[in-house]
Amino acid sequence: MKTYTYTEKKDTRSGFGDALTQLGKTNENVVALTADLTGSLKMGDFKKNHPERFFQMGIAEANMMGVAAGLTIGGKIPFTGTFANFSTARVYDQIRQAIAYSGKNVKICASHAGLTLGEDGATHQTLEDIGMMKMLPGMVVINPCDYNQTKAATLAIAEYKGPVYLRFGRPKIPVFTPANQKFEIGKAVTFQEGKDVTIVATGHMVWEALEAAKTLDKEGISAEVINIHTIKPLDVPAILKSVQKTGCIVTCEEHNKLGGLGESIARELATTSPTPQEFVAVNDTFGESGTPEQLMQKYNIKDTDIVIAVKEVLKRK
């Protein structure tokens, strides 16, 4: 099996910020808006270099979405920035009516997603955002796995015409994908091939899946690990090809198991290729305050939980 290692840890929000800085220099139509979270979203360099293209909207997220929609009419490519909870739940009506319904070219960039926001607790964590956003017609939903992939995804969505939801996080996690990677919207990445079980993961859970695969390999279980960075549109052919080989699948996400990646995959499998499936996700509950590591352990979304899920699904092959 291929072994993935890392030499540093970086937060995925910095991948977004660094890419936004680059876009500021290369694409004069890119504009940035934030709801009083310039520092948290790593948008400071863009603000410093392009003050005429940076809009501090204050704590008025709904207004920010409306302004972003309006800016597209003049040919601008707006990138909005706030926490994932405030990028979705707080402003869902504005996104639906002003952005998604008319297919506006707005990039909704959401940091501090999932449980790993940590100590700020349930009011600021969001475990429902993927479900909310994937249900909007025409909305692309992307959840990259590390700093390098987040940077590549941010650059890629600037070239895509249409609304995009880009989800990333606060904690520093291993950087294990190539710095010069090409990001293809809707194209899954197979990190390692296997024959016994398919493990599909998204976001921060990709590293946990790779760690689980190492443990399984020591026990004689060959796991295929696929990174689904784009939840919508979903790379169905890649998933079907894998499960037709392995005969079972485990889906892994830092999100409520209701409405997330796992359910999207289950729907496709049910209609085309019924396959035993286990879900590693938060089990229909809100989070709480704690360190990211403590919360991932308590809510059963660590590599050890993936190993347990694999052994369960293998019994059902």
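The values are calculated or read from the model by the stated rules, or taken from the named source; none is laboratory data. Here the structure is a predicted model, which is why all the values come from computation and not from measurement. Every residue, glycine among them, receives a Cβ derived from its backbone with ideal geometry; neighbour counts consider all protein chains shown.
Out of curiosity, is Lys48 in a helix (DSSP H, G or I) and either in contact with a Cys (Cβ under 7 Å, 6 or more places away or on another chain) or not β-branched (Val, Ile, Thr) (or both)? First the steps, then the outcome.
Numbers: in a helix (DSSP H, G or I): yes; either in contact with a Cys (Cβ under 7 Å, 6 or more places away or on another chain) or not β-branched (Val, Ile, Thr) (or both): yes.
Considered against the rule, which asks whether it is in a helix (DSSP H, G or I) and either in contact with a Cys (Cβ under 7 Å, 6 or more places away or on another chain) or not β-branched (Val, Ile, Thr) (or both), Lys48 comes out as yes.
If you check Ile301, Ile306 for being of a type outside the set (Ser, Thr, Tyr), surrounded by 14 or more Cβ atoms within 10 Å (Cβ to Cβ) and farther than 22 Å from Val236 by Cα, only one passes: Ile301.
Every residue in the range 101-110 that is surrounded by fewer than 20 Cβ atoms within 10 Å (Cβ to Cβ) and touching a residue at least 40 places away in the same chain (Cβ under 8 Å), please. Matches in the range 101-110: Gly103 only.
Note on the range 3-45: residues that are closer than 26 Å to Lys172 by Cβ, among the polar types (S, T, N, Q), more than 20 Å from the chain's Cα centre (by Cα) and part of a loop (DSSP other than H, G, I, E, B) amount to 4. Listed by first and then second residue, the pairs linking a residue in the range 28-48 that is at positive phi and among the acidic types (Asp, Glu) to a residue that is at pLDDT 95 or above and surrounded by 18 or more Cβ atoms within 10 Å (Cβ to Cβ), with Cβ atoms under 9 Å apart and 6 or more places separating them unless they lie on different chains, are Asp36/Met57; Asp36/Thr82. If you check Ala122, Ala68 for being assigned to a loop (DSSP other than H, G, I, E, B), at negative phi and not assigned by TED's automatic domain parsing to the domain that holds Ile265, only one passes: Ala122. For the range 121-128, check the following and say yes or no: at least one residue is in contact with a helix residue (DSSP H, G or I) (Cβ under 8 Å, 6 or more places away or on another chain) and of a type in the set (D, E, K, R). Yes, the range 121-128 contains at least one residue that is in contact with a helix residue (DSSP H, G or I) (Cβ under 8 Å, 6 or more places away or on another chain) and of a type in the set (D, E, K, R). Checked against the criterion of being closer than 25 Å to Met132 by Cα and touching a Lys or Arg at 6+ places or on another chain (Cβ under 9 Å), the candidates Ser222, Ser264 yield just one match: Ser264. Of Lys104, Lys172, all but one fail to be out of contact with any strand residue (DSSP E or B) (no Cβ under 6 Å at 6 or more places or on another chain) and either modelled with pLDDT of 95 or more or not acidic (Asp, Glu) (or both); the exception is Lys104. Going residue by residue through the range 241-248, is there one that turns out to be at pLDDT 95 or above, surrounded by fewer than 24 Cβ atoms within 10 Å (Cβ to Cβ) and under 26 Å from Ala113 (Cα atoms)? Looking for residues that are at pLDDT 95 or above, surrounded by fewer than 24 Cβ atoms within 10 Å (Cβ to Cβ) and under 26 Å from Ala113 (Cα atoms), one finds none in the range 241-248, hence no. Within the option set Thr190, Thr272, being farther than 16 Å from Lys302 by Cβ and touching a residue at least 40 places away in the same chain (Cβ under 8 Å) holds for one residue only, Thr190.
Each row is one residue, and each column tells you yes or no for (1) out of contact with any helix residue (DSSP H, G or I) (no Cβ under 7 Å at 6 or more places or on another chain); (2) in a helix (DSSP H, G or I); (3) surrounded by fewer than 22 Cβ atoms within 10 Å (Cβ to Cβ); (4) in contact (Cβ under 8 Å) with a residue 60 or more places away in the chain.
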position	(1), (2), (3), (4)
Ile99	no, yes, no, yes
Thr116	no, yes, no, yes
Met132	no, yes, yes, yes
Pro144	no, no, no, yes
Thr150	no, yes, no, yes
Leu155	no, yes, yes, yes
Gly186	yes, no, yes, no
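Picking from residues in the range 193-232 that are without any contact (Cβ under 8 Å) to a residue 12 or more places away in the chain and not in a helix (DSSP H, G or I), the one that is surrounded by the fewest Cβ atoms within 10 Å (Cβ to Cβ) is Gly220. Looking only at the range 195-229, which residues are in contact with a Phe, Trp or Tyr (Cβ under 9 Å, 6 or more places away or on another chain) and among the β-branched types (Val, Ile, Thr)? Once the filter is applied, which keeps residues that are in contact with a Phe, Trp or Tyr (Cβ under 9 Å, 6 or more places away or on another chain) and among the β-branched types (Val, Ile, Thr), the range 195-229 yields Val206, Val225, Ile226.
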